[in-house]
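Scroll down for the structure; my scribbles are underneath it.
Since every read-out is calculated from the coordinates, none of them should be taken as a lab result. Computed from a prediction, not measured in an experiment: that's the story for all the values here. Here the Cβ positions follow ideal geometry from the backbone for every residue, glycine too, while neighbour counts run over all protein chains shown.
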Amino acid sequence: MAMDGLSLHAMLWEARGLMGARVDKVQQPDKDTLLLSCHGTGCGRVKLLINIHNENGRIALTKDTAENPAAAPAFCMLLRKRLIGSRITGMEQAVLDRTVRFSFSGRDELMDEATCSLVVELMGKHGNAFMLDEDDVILDCLRHIGVGAEALRVCLPNVKYEALPPQDKGNPLAASLEELAKVDSPRALMNGYMGISRQIASLLMPESLPESQRVQYLFDTLQGLNVGALSPCLVPGVGPAPFRPLGRNDAVPFPTLSEAYDAWYRARDVRIRMLRETGSLRATLEHALKRCENKIGAFSNDLLSEAEENRLRLCGELLLGFHGERPKGADAVAVENYYEYPPVKVTVKLDPSLSVAENAARYFKRYQKLKAARAYAEGEMGKLREEQLYLQGQLLALNNCENGDDIAEIRQELIRERYIRPSPVKGASRPKAMKSLPMVFLSSVGLSIYVGKNNEQNDRLTRNAPADALWLHVKDAAGSHVIVDSKGMPDKQTLLEAAMLAVHFSSQRSGVSVPVDYVPRRYVKKPSGSKPGFVIFTNQRTILVTPDPNIINTLKKGVKEK
């Protein structure tokens with residue numbers, strides 16, 4: 001749920017301590033996100049998060065850190081030049097609309113006082129952020145929109161900024177009790193008043209209350225939000241709300257609205273950023289996998305040609321044993337199949353332009369060709385199956401990525417395996433990416449369960465694990481290596497939880513009764529020269545597991561290094 005105007009109003013109340021704060025640092029982790037690190041007497045050291053994504057758009061204070069790209073975008077460089085060292089002098093929302101103007105005051109290169117503004121529009125797919133000078137001329141914006149048939153306005157540098165036209169709706173914070181009494185449904189509330197999303201409207205008008213009490217509750221809640229009386233919470237299935245809704249006992253309270261937004265969007269932001277950053281790798285892997293599967297399909301047809309081979313060989317041999325006279329211009333001849341008893345007549349097709357012996361040679365040639373193709377297919381099929389499993393595993397590894405180091409490891413591996421070409425590095429060499437860490441979960445009895453996110457992690461995890469630790473992997477499918485940090489066989493519940501994690505981080509995560517192999521790590525070996533992530537093992541046992549999302553969600557993710 002993207003932030004609506006009412007929640008934005010509440011957030012600005014919560015962030016009012018930013019007034020007078022000094023901007024120390026500006027980051028742009030991705031094309032939709034800005035992060036301003038500030039400090040001031042009214043707020044301490046805080047980070048202002050601005051996100052204009054069509055689904056995750058919001059403005060909030062955050063405690064999360066962000067990973068900077070290798071090179072700062074041009075818009076980020078402009079913000080650093082204009083905002084670092086300046087102070088926030090204003091935060092103005094356009095009447096419960098999803099538009100906020102942040103005003104800044106600082107010094108320019110000549111140490112003269114200079115003012116500028118950062119206007120943020122959380123308008124779904126039309127969201128944008130503008131850096132304006134003191135005359136409201138656009139210095140730059142996150143999304144450039146030129147002149148076109150569908151362009152409502154021009155969003156380019158050196159163009160006068162045009163504010164969005166106001167909506168023809170009422171202000172719910174200024175509505176009287178009598179006016180709200182005319183609202184008979186959440187849809188009517190959303191359509192008649194500004195800044196209220198469908199989800200928040202349903203929370204403001206709970207169906208469990210009688211109509212008379214519902215209007216009073218609506219009025220009291222809006223009046224409380226108008227003066228900054230916030231009760232932030234996170235409503236499952238809905239999202240963050242600045243008030244505690246009646247009838248929702250499952251709502252989780254939070255100290256601040258910003259913390260509720262962090263909890264709701266943290267995993268979503270990572271998923272969207274990883275999908276965006278892994279897009280080119282995913283396309284490369286999907287193309288290679290499709291090509292591999294096409295080859296497997298073609299070779300499968302060659303493997304089914306044994307019956308046709310036998311027919312061609314039989315026709316050639318029967319023609320060689322034919323001693324009768326062929327009618328002139330005949331395209332077939334009846335011969336005796338002496339491989340059966342008693343012999344039976346068999347019709348063999350001929351090329352009228354060739355002799356019987358030449359037709360026999362032609363049949364043998366076709367037979368040899370099919371035989372050679374089948375032999376080649378048998379030799380290649382094992383390699384193709386191995387490559388198919390490898391590519392499926394790499395696609396799964398992309399889904400497990402949580403940061404740039406995870407992506408860098410997969411990219412480097414694909415370069416070594418020659419699926420992609422290394423990009424030329426201009427100027428100084430880039431710093432080597434740090435080795436990423438596997439995921440760590442704590443079982444119900446407190447044992448650490450390590451799960452590799454990619455092939456490099458799988459190899460390191462298996463290589464460095466103690467010999468008596470338990471190793472698990474989904475049977476005959478792509479998936480992560482799982483290590484239980486136990487001395488010998490763990491308890492049954494830990495074994496079940498580790499097996500569920502092995503299935504959850506595999507291509508069989510939606511399966512039922514999925515077989516999972518488990519064995520002490522000492523019996524797991526990596527053949528010399530094999531692909532990353534490939535191992536062989538002996539003395540394994542197998543457990544059938546159906547993943548339970550409730551159990552997987554209860555496992556606490558740790559931070560230990562392996």
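Details
- More than 20 Å apart - percent of Cα-Cα pairs taken over the range 439-557: 33
- Translational D in µm²/s for the range 158-254 (Stokes-Einstein at 10 °C, 1.306 mPa s, Kirkwood Rh from C-alpha pairs): 110
- For G40, the shell of other residues with beta-carbons less than 15 Å away shows a net charge of +4, using +1 for Lys and Arg and -1 for Asp and Glu.
- Cα-based shape type of the range 79-126, given that a ≥ b ≥ c are square roots of the gyration tensor eigenvalues and the cut on a/c is 1.5: prolate
- Surrounding net charge for L139, when Lys and Arg each add one and Asp and Glu each subtract one, Cβ distance under 13 Å: -2
- Intensity falloff of the range 284-397 expressed as log10 I(q)/I(0), Debye formula with alpha-carbon point scatterers, at q = 0.14, 0.20, 0.21, 0.22 Å⁻¹: -0.68, -1.00, -1.05, -1.11
- The range 250-308: C-alpha gyration tensor shape, a/c 1.5 cut-off, then a/b vs b/c: oblate
- The range 318-373 pair-distance distribution - Cα-Cα, 10 Å bins, rounded %: 23, 49, 25, 3
- FRET efficiency for Y217 and T554, using Cβ-Cβ distance with R0 set to 35 Å, rounded to 0.05: 0.50
- Between K365 and K328, the FRET efficiency from the beta-carbon distance, with R0 = 22 Å, is close to 0.35.
- For the residue pairs K295/K371; K31/K290; K383/K475; K31/K125; K475/K525; K47/K169, alpha carbon separations beyond 24 Å are given by K31/K290; K47/K169.
- Summing Lys and Arg as +1 and Asp and Glu as -1 over all other residues whose Cβ lies under 15 Å from the Cβ of S7 gives a net charge of -2.
- Each part gets one Cα centre, and for the range 492-544 versus the range 196-259 those centres are 46 Å apart.
- With the convex hull constructed from alpha-carbon coordinates only, the range 369-510 shows a mean projected area of 12.3 nm² over all directions.
- Taking every DSSP beta bridge that has both ends in the chain, the antiparallel portion is near 100%.
- Taking a straight Cα-Cα cut-off under 13 Å and skipping sequence neighbours fewer than 8 places away in the same chain, the aspartates and glutamates within cross-link reach of K526 are E456, D459.
- Translational diffusion of the chain, µm² s⁻¹ [Kirkwood Rh, Cα pairs; Stokes-Einstein; 4 °C; 1.567 mPa s]: 44
- Applying 0.36 nm per residue to the separation of K25 and Y523 and subtracting their alpha-carbon distance, the gain on full extension is 174.1 nm.
- Using the Cβ-Cβ distance between T538 and K492 with R0 set to 35 Å, the FRET efficiency from 1/(1 + (r/R0)^6) comes to roughly 0.90.
- If you take the Cα centroid of the range 13-28 and the Cα centroid of the range 305-343, the two points sit 91 Å apart.
- The Stokes-Einstein estimate for the range 5-141, based on a Kirkwood radius over Cα pairs and taken at 20 °C with 1.002 mPa s viscosity, is a diffusion coefficient of 143 µm²/s.
- Dipole moment magnitude, nearest 20 debye, the chain about Cα centre, only Lys, Arg, Asp, Glu C-beta charged: 1860
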